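Reviewing the structure listed below.
The values are calculated or read from the model by the stated rules, or taken from the named source; none is laboratory data. Keep in mind that what you see is a predicted model, and the values were worked out from it rather than measured. No Cβ is skipped: glycine too gets one built from the backbone with ideal geometry, and neighbour counts run over all protein chains shown.
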Amino acid sequence: MTDWTTIDFKPAPHGWRAVYVFEDQQTNEPAWTANPVAGWLIQRDERGNVRVIAAVTPADYGGEVEEVSASTNLWRVLGPKQSDPTAEELATELEHQKWLNTQRAGTRTEAN
């Protein structure tokens, strides 16, 4: 696993958002929520590779931002002019997440 070190931060323009897809616990239907993207983390690894990754402020705000990839139910990062997810996209993404979870569960079982 690569260790990334944040070397800079650039604020995101208004309207960028990270969209998360999940199953609504009351309706069992696909649902989504969005968090505003706070900005872009510029990171470097031990080999000198550089990446730029979107960052959001976590719900339990502690004065720091976190990578959007820290969440397993991240769907996409959308720009200001991009449309919110459709019902079809939500259903497709939720099925994909369920499939990934079964694959991960199988891998953990095999490792034990």
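Quick look at the numbers
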{"read-out": "Test set (1) farther than 22 Å from residue 4 by Cβ; (2) charged (D, E, K, R); (3) assigned to a loop (DSSP other than H, G, I, E, B) - residue 89 fails condition number", "value": "(3)"}
{"read-out": "Residue 27 among the β-branched types (Val, Ile, Thr) and either touching a His at 6+ places or on another chain (Cβ under 9 Å) or surrounded by fewer than 11 Cβ atoms within 10 Å (Cβ to Cβ) (or both)", "value": "yes"}
{"read-out": "Contacts under 8 angstrom Cβ, first residue in the range 64-86 being free of Cβ contacts under 8 Å to residues at least 12 places away in the same chain, partner buried (at least 17 other Cβ atoms within 10 Å of the Cβ), 6 or more apart", "value": "66/55; 66/56"}
{"read-out": "Residue list for the range 1-38, restricted to those being aliphatic (A, V, I, L, M), in contact with a strand residue (DSSP E or B) (Cβ under 9 Å, 6 or more places away or on another chain) and not in a strand (DSSP E or B)", "value": "12"}
{"read-out": "Candidates 94, 41 - the one that is surrounded by 10 or more Cβ atoms within 10 Å (Cβ to Cβ) and part of a helix (DSSP H, G or I)", "value": "94"}
{"read-out": "Evaluation of residue 47 against (1) out of contact with any strand residue (DSSP E or B) (no Cβ under 6 Å at 6 or more places or on another chain); (2) surrounded by fewer than 14 Cβ atoms within 10 Å (Cβ to Cβ); (3) within 27 Å of residue 104 (Cβ to Cβ) (one fails), failing number", "value": "(3)"}
{"read-out": "Among the candidates 68, 50, residue that is modelled with pLDDT under 90, out of contact with any Phe, Trp or Tyr (no Cβ under 8 Å at 6 or more places or on another chain) and of a type in the set (A, V, I, L, M, F, W, C)", "value": "68"}
{"read-out": "Scope the range 50-67; condition assigned to a loop (DSSP other than H, G, I, E, B), hydrophobic (A, V, I, L, M, F, W, C) and surrounded by 15 or more Cβ atoms within 10 Å (Cβ to Cβ); matching residues", "value": "65"}
{"read-out": "Test set (1) assigned to a strand (DSSP E or B); (2) more than 14 Å from the chain's Cα centre (by Cα); (3) of a type outside the set (Phe, Trp, Tyr); (4) over 16 Å from residue 9 (Cβ atoms) - residue 81 fails condition number", "value": "(1)"}
